[in-house]
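Written out below as structure tokens is the structure these notes cover.
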């Protein structure tokens, strides 16, 4: 069998793989859905974001509000932010949070837990077993 036949065979096999199996990434960073009322912003899909990231409300809020540089609170199922914010800015903040506190630096999977030892925090990956210190960016 020559190389050309092998490539043809691979192409045929690849075409028969279902679309849902071809996708390599099972994790997508959630996008915010916002509502602006006067000079305040509400993130209406807070629970979806927290469930996807698999993080505690208090931890997420503490980091998120600090990075946004504003005050805020949970009102029902929404996160209230003092001030007007664009979706792009809030999405970037969530993306940065995810890269620092959710995704493993080794295997890039979201299957992690935050562990505290003394004054230091570590990100422990349950997928590959890696453990690294969390350093804020």
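FYI, it's all coordinate maths here, none of it is from the lab. Here the structure is a predicted model, which means the values were calculated and not measured. Note that we place each Cβ from the backbone using ideal geometry, even for glycine, and neighbour counts take in every protein chain shown.
Quick notes on this one:
- The stretch 82-114 - residue that is part of a loop (DSSP other than H, G, I, E, B) and surrounded by 16 or more Cβ atoms within 10 Å (Cβ to Cβ) and, of those, farthest from the chain's Cα centre (by Cα): 85
- Residue 124 satisfies every condition listed in (1) surrounded by 14 or more Cβ atoms within 10 Å (Cβ to Cβ); (2) part of a loop (DSSP other than H, G, I, E, B) except (2).
- Residue list for the stretch 73-95, restricted to those being free of Cβ contacts under 8 Å to residues at least 24 places away in the same chain and at positive phi: 76
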